[in-house]
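First the structure, which I've put down as structure tokens, then a few questions once you've had a look.
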Amino acid sequence: MKITGKTQLLGIIGYPVEHSLSPLMHNAAIAALGVDYVYVPFEVEPDNLSTAMAGLRVLGIKGFNITIPHKSAILPLLDKISPEAELCGAVNTVCRERDLFVGYNTDGTGLLKSLKEDLCFEPSGSTVLMLGAGGAARGALASLCAAGVSRVIIANRTQEKGANLVDIFRDKFEKVDFHLSSLDMKQLQGHLKEADLLLNTTSVGMNGSSFPDLDLSSLTAKAAVYDMVYSPPETPLLAAAKKNGNACANGSGMLAAQGEAAFSIWTGIDLPVGLMKNILVKGLVQ
Ligand code: ATR
């Protein structure tokens, strides 16, 4: 990679940011295409977010990703926000358009693309059993509702958070049937029976954690299981799905697809199919 006076700057802000795989993914894509960009990680403490934004503006950055904990905090600091990002209540991609910082959310697009490519799952008319009700769940719900799911069961440890999520979405998606559940396996069994997709949006599965008393035997054979966690590549949830004979995938496809969508917003270039996913899978096993 040759950096010159004309090289355009891309990056990611987060705290911490050192574990992010986005610099690897984007710089490898930049090198593969031979385009004149560089993608840099910036560690920004929460109290410094607005100062960092002012700095990025005057430095003329072309675009950047936003990761934990800034995805919602950045909203008031932007000039314009896409309708998808508004609905998600979070921005993961900013693009400088003329002199405006415009916020997008490509996580939802990434999820839908990965569901289609990795599981051949079409949301339209389906029933989704979603585990979790945090930021990732909200983004997933926004894209799934927009894609025409019929019924969503939100199962969360803290019931009020699930109820808050339903309050946000019920008015906007009147045709979707929302239902709340706990994570209790006895209660979940009935919902597993009706699910076309079981989707984990929580962090459970990382660092060896797992859902207690996990039993997927009530899932029908045609149900698919998606875990947004990608490290480890096979979480206990995915191992149970595999054992039960269900199609399943981890979140690496979503991570790659949200990156592809962000890259396209900044550069106007649609990356070759599979480029980022291959880079990522190699990066994850190293
Ligand atoms: P993110 O932006 O990654 O979604 P978040 O907004 O903090 O992060 O949400 C984390 C989600 O994972 C929540 O649904 C959380 O459940 P609570 O609402 O009860 O906190 C869920 N979660 C995290 N750790 C969990 C655990 N050990 N068991 C069950 N759910 C867990």
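The values are calculated or read from the model by the stated rules, or taken from the named source; none is laboratory data. Model, not experiment: these values are computed from the prediction. A quick note on method: Cβ atoms are made from the backbone with ideal geometry, for glycine too, and the neighbour counts reach across all protein chains shown.
Conditions (1) in contact with a Ser or Thr (Cβ under 8 Å, 6 or more places away or on another chain); (2) at positive phi; (3) modelled with pLDDT of 95 or more, marked per residue:
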position: Leu197; (1), (2), (3): yes, no, yes
position: Met228; (1), (2), (3): yes, no, yes
position: Pro233; (1), (2), (3): yes, no, no
position: Lys282; (1), (2), (3): no, no, no
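Say we look at segment 256-278 and pick out the residues that are in a helix (DSSP H, G or I) and at pLDDT below 95; which of these is nearest to Ala195 (Cα to Cα)?
Looking only at segment 256-278, we keep the residues that are in a helix (DSSP H, G or I), and these are 256-267, 275-278.
Adding the requirement that they be at pLDDT below 95 leaves 275-278.
Details: Leu275: 32, Met276: 30, Lys277: 27, Asn278: 30 Å.
So the residue we want is Lys277.
Quick check on Phe211: is it away from the ligand (no atom under 16 Å from the Cβ) and either touching a Phe, Trp or Tyr at 6+ places or on another chain (Cβ under 7 Å) or assigned to a loop (DSSP other than H, G, I, E, B) (or both)? Before you say what the answer is, go through the steps one by one.
On the way: away from the ligand (no atom under 16 Å from the Cβ): no; either touching a Phe, Trp or Tyr at 6+ places or on another chain (Cβ under 7 Å) or assigned to a loop (DSSP other than H, G, I, E, B) (or both): yes.
The answer is no for Phe211.
If only one of Leu59, Leu21, Leu119 is touching a Leu at 6+ places or on another chain (Cβ under 9 Å), surrounded by fewer than 18 Cβ atoms within 10 Å (Cβ to Cβ) and closer than 27 Å to Ile279 by Cα, which one is it?
Leu119
If you don't mind, there's one more thing I want to ask. Given the conditions (1) under 28 Å from Gly63 (Cβ atoms); (2) in a helix (DSSP H, G or I), report the number of the one that Ala239 does not fulfil.
(1)
Let me ask you something else. Which members of segment 85-104 meet the condition of being within 23 Å of Val166 (Cα to Cα) and out of contact with any strand residue (DSSP E or B) (no Cβ under 7 Å at 6 or more places or on another chain)?
Passing the criteria: Glu86, Leu87, Cys88, Gly89, Ala90.
Here is a follow-up. Name the single residue that is nearest to the ligand (Cβ to nearest atom) among those in segment 148-169 being over 25 Å from Ser210 (Cβ atoms) and part of a loop (DSSP other than H, G, I, E, B).
Val149
Looking for something within 23 Å of Leu141 (Cβ to Cβ) and either assigned to a loop (DSSP other than H, G, I, E, B) or not charged (D, E, K, R) (or both) - is there at least one such residue anywhere in segment 46-65?
Yes, the conditions are met somewhere in segment 46-65.
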